[in-house]
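Structure first, then comments.
The values are calculated or read from the model by the stated rules, or taken from the named source; none is laboratory data. Bear in mind that the values here come from a model prediction, so they are computed numbers and not experimental data. Every residue, glycine among them, receives a Cβ derived from its backbone with ideal geometry; neighbour counts consider all protein chains shown. Surface areas here come from the heavy atoms of the whole protein model, side chains and all, with no ligands, DNA or RNA. Shrake-Rupley method; radii C 1.70, N 1.55, O 1.52, S 1.80 Å.
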Amino acid sequence: MLVGNGDGFVSCDCGRRHWGLFGAAGLLLSDPHRGVLLQHRAGWTHEGGSWALPGGAVQPHETSAQAAARETEEETAVPGEAFRVLAQRTDEHGSWRYTTVLATTVGDAAQPRVTNAESTALRWVPPADVADYPLHSGFAAAWPELRGQLDRRLVLLVDADTVLGAQPGGRDARAGAVARLRDRLAVLAGVGVAAGDLGLGAVAGAAHWTWWPHVVLVAGGPAAGSGSGAGVGVEKAETGGSGDGRLVTVVPGTRPAEPGDHLVAVTTDDGRRGQLGADAVMAPEALWRLLDACTPG
Ligand SMILES: [Zn+2]
C-alpha cells in the first residue's frame, strides 16, 4: 500500500496555507558560546529571504522531534549526536501544527554547513541579536517565549525511598527495585513529558510545552553508585536520614539543579518545595502513572 509522505500544503483553520500535511517541525539549536543556529531561507521558499530555523514537514511515521532532527541533518549536516533535546513547544492551529524542538549542543560536533537548496546561509546568532534579523513571521511570533527557555533543563528529582515505599525483602531485593526504577525512568527521560503532567503550570504557556527530563534518582543503600541509565544519574544519598528527609540531606543547602533549570521534586510533602527551591512537586502516584504510560511494569 502506498502511504503518502508529509509533503504538501494545508489550507489551515487560521486562513493561511502552511507546508506539511502532518504539521511541521523545526530545531532551535542553542550553543552556550555561539548562540542559536538560524537559517537564511532561499528565495523560492515560503517567505523566502527571511531567517528562521532548519526544519520542515513531519512525515507520517515520525515524531516532531525526529522530524526536526532529520530535517536539520539534511539542511545543515548537523547529526543528532551533536545535540541533546531539552523541550518542545507546539503552536496548535487546529488543522495544522508547528513544533519547535529546543536542543543544546553536545561538545563541538555541531559544525553546520549549507547542504541543500533550502538555505542560502546558516549562522550562529547571539540570542540578543535574533530579533534584529528579518525573521519568518511564525518564528518571529514564537521567539520571545522560546528565548525564555533556551538551554533550560527540566530536572526531575526522584527519591527512591519515597517512590518505592517500604518493601519486604533484604538488600538484594531493594537494589533490584531501585535498578528497575532507574531503567523505567531512563525510558521516561527519552519519551518526554507534557508540562501539565509535571505540575509546571507556572511556566509561560505551559500547555504548549513538553520536556525531556534530566532525572536525578536519589538512592541510598547498595544500589547507589551502581551506574546510570541514559539520562538518569544515580546520586548516592547520605545515610542517617529517614524517609523524605533524605531529599534535603543529599545536597545540603543547595538546589540540586543548575541556575535556570526547572526543578520538579517527586515527594509526598508539599513543604519540601520551598526547602529544595523546587518549581513544582509531583506525588509518587503521578510519577507511577507516567511510568506506566511509557514502560511495562
Ligand atoms: Zn494556521
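Values computed for the structure shown
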quantity: Members of the range 1-50 that are more than 16 Å from the ligand (Cβ to nearest atom), part of a strand (DSSP E or B) and either closer than 17 Å to Ala142 by Cα or of a type outside the set (D, E, K, R) (or both); calculated: Leu27, Leu28, Leu29, Ser30, Gly35, Val36, Leu37, Leu38, Gln39, His40
quantity: Close pairs from the range 158-172: first within 16 Å of Arg182 (Cβ to Cβ), partner among the hydroxyl-bearing types (Ser, Thr, Tyr) and part of a loop (DSSP other than H, G, I, E, B), Cβ under 9 Å, at least 6 apart; calculated: Asp159/Thr267; Asp161/Ser242; Thr162/Thr267; Thr162/Thr268
quantity: Conditions (1) at pLDDT below 95; (2) open to solvent by less than 60 Å² (accessible area, probe 1.4 Å); (3) over 16 Å from Leu29 (Cβ atoms): number failed by Thr120; calculated: (2)
quantity: Residue tally, condition open to solvent by 30 Å² or more (accessible area, probe 1.4 Å), in contact (Cβ under 8 Å) with a residue 40 or more places away in the chain and not in a loop (DSSP other than H, G, I, E, B), over the range 271-287; calculated: 1
quantity: Set Arg182, Arg113, Arg152: member being basic (Lys, Arg) and part of a helix (DSSP H, G or I); calculated: Arg182
quantity: Among the candidates Leu135, Leu198, Leu185, Leu154, residue that is in contact with a Phe, Trp or Tyr (Cβ under 6 Å, 6 or more places away or on another chain), farther than 21 Å from Thr105 by Cα, touching a residue at least 24 places away in the same chain (Cβ under 8 Å) and hydrophobic (A, V, I, L, M, F, W, C); calculated: Leu135
quantity: Selected residue (criterion: nearest to Glu47 (Cα to Cα)) from residues of the range 73-110 that are in a strand (DSSP E or B) and within 16 Å of the ligand (Cβ to nearest atom); calculated: Tyr98
quantity: Of the criteria (1) surrounded by 12 or more Cβ atoms within 10 Å (Cβ to Cβ); (2) out of contact with any Asp or Glu (no Cβ under 7 Å at 6 or more places or on another chain), which one Asp132 fails; calculated: (1)
quantity: Residue check, Trp124 assigned to a loop (DSSP other than H, G, I, E, B), away from the ligand (no atom under 16 Å from the Cβ), of a type in the set (Phe, Trp, Tyr) and more than 20 Å from His208 (Cβ to Cβ); calculated: no
quantity: Given (1) open to solvent by 30 Å² or more (accessible area, probe 1.4 Å); (2) of a type outside the set (S, T, N, Q); (3) within 19 Å of Leu150 (Cα to Cα), index of the condition Arg41 fails; calculated: (3)
quantity: From the options Arg113, Arg147, Arg89, Arg97, residue that is in contact (Cβ under 8 Å) with a residue 40 or more places away in the chain and open to solvent by 50 Å² or more (accessible area, probe 1.4 Å); calculated: Arg97
